[in-house]
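The values are calculated or read from the model by the stated rules, or taken from the named source; none is laboratory data. Every value quoted in this text rests on a predicted model; they were computed, and no experiment measured them. Neighbour counts run over all protein chains shown; Cβ positions are idealised from the backbone, glycine included.
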């Protein structure tokens, strides 16, 4: 499959937002407070991404494996997501931000699905930065679903699978960032990361700022991307 080269500046950045719990633990606070501060970081980073001219920002919000967490923590996470969408939807509309969801989000609660569907509809015509939120997302599941859809239509090739991925139509992934010092992909965008650059930082997600994002983008701009060539 031919990989489309990105310009010197990154167009599509994805972030594995890690470290909310450790941020709270270091401060002897409940994990819920760490998640709340993490949402504030999301709010700030989405605004910064728009100002920096990113075409797409993909955030790993809830994985298929996160269901293993305690029920009260899962419930609190979805409560924070609801409030974030409710509080910031008008800002998305006014600032030309398009919302997109990847993952099997329709398996979430009916009220959350309705809220997300409304937000998707209201921002569908926006053509500025696309905020991509990964919900009930796992890359293995995504690739399996895409391959099954491709098989229903005919030949299974790299191109036909790519056309059925949740991220179809988005710019190719340029840069993957992970916070909190962990150096693994955690079943996130495994197909899309094939030729992406990666940037890891010890900064915990609630402390991740636009300056950190700018640092990552500067590092990206100084890398030579060869796509398997010389």
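Points worth noting:
- Whether a residue is assigned to a helix (DSSP H, G or I), touching a residue at least 24 places away in the same chain (Cβ under 8 Å) and under 26 Å from residue 89 (Cβ atoms) was assessed, and residue 171 does not pass this test.
- Hey, residue 189 at positive phi, surrounded by 13 or more Cβ atoms within 10 Å (Cβ to Cβ) and under 20 Å from the mean Cα position of the chain (by Cα) or not: yes
- Flag for residue 65 being assigned to a helix (DSSP H, G or I), under 22 Å from residue 179 (Cα atoms), out of contact with any helix residue (DSSP H, G or I) (no Cβ under 9 Å at 6 or more places or on another chain) and in contact (Cβ under 8 Å) with a residue 60 or more places away in the chain: yes
- For segment 199-212, the set of residues classified as more than 14 Å from the chain's Cα centre (by Cα) and either under 24 Å from residue 102 (Cβ atoms) or in contact (Cβ under 8 Å) with a residue 40 or more places away in the chain (or both) consists of 199, 200, 201, 203, 204, 206, 207, 208, 209, 210, 212, listed by residue number.
- Segment 121-134, residues that are free of Cβ contacts under 8 Å to residues at least 60 places away in the same chain, surrounded by 15 or more Cβ atoms within 10 Å (Cβ to Cβ) and under 18 Å from residue 108 (Cβ atoms): none
- Only a single criterion out of (1) part of a loop (DSSP other than H, G, I, E, B); (2) in contact (Cβ under 8 Å) with a residue 24 or more places away in the chain; (3) surrounded by fewer than 16 Cβ atoms within 10 Å (Cβ to Cβ) is not satisfied by residue 28, namely (2).
- Hits in segment 82-105 - residues which are surrounded by fewer than 17 Cβ atoms within 10 Å (Cβ to Cβ) and either modelled with pLDDT under 95 or part of a loop (DSSP other than H, G, I, E, B) (or both): 95, 96, 104
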